[in-house]
Amino acid sequence: MTQNELNRAVARATGESVSVISSIGFVPLTSIPQEREPQTVDWDEAQQTRRISFQPRRKRPAFVA
């Protein structure tokens, strides 16, 4: 069974569209399950790419009433 055939069969059984089923990621079962690598985020690396302004904030002038 191809991936497209599997997606169509699941879509028919669930009533969902084929595009929704393909985005969920159904895969044919194999005799030996394949483990996926865990998805991790290196937050230190992610923060290095952020733009950070090091300019001091302007002080607002004090109003005298």
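Readers should treat all values here as calculations from the given coordinates under stated rules, not as data from a laboratory. This is a predicted model, so every value here is computed, not measured. Methodologically, a virtual Cβ is constructed for each residue, glycine included, from the backbone with ideal geometry; neighbour enumeration extends over all protein chains shown.
Quick notes on this structure:
- Ellipticity estimate at 222 nm from DSSP helix runs (n ≥ 4, -39,500 (n - 2.57)) divided over the chain, nearest 500: -10500 deg cm²/dmol
- Relative protection proxy for 37-43, 19-25, from highest mean packing down: 19-25, 37-43 (other beta-carbon atoms within 10 angstrom).
- Computed from Cα atoms, the angle from the helix 3-14 axis to the main principal axis of the chain rounds to 90 degrees.
- Candidates per GluC sites (Glu not before Pro) in the chain, loop by DSSP, up to 16 other Cβ within 10 Å: Glu16, Glu35
- With 0.36 nm allotted per residue and the present C-alpha distance subtracted, the Thr49-Gln34 stretch has 2.1 nm of extension available.
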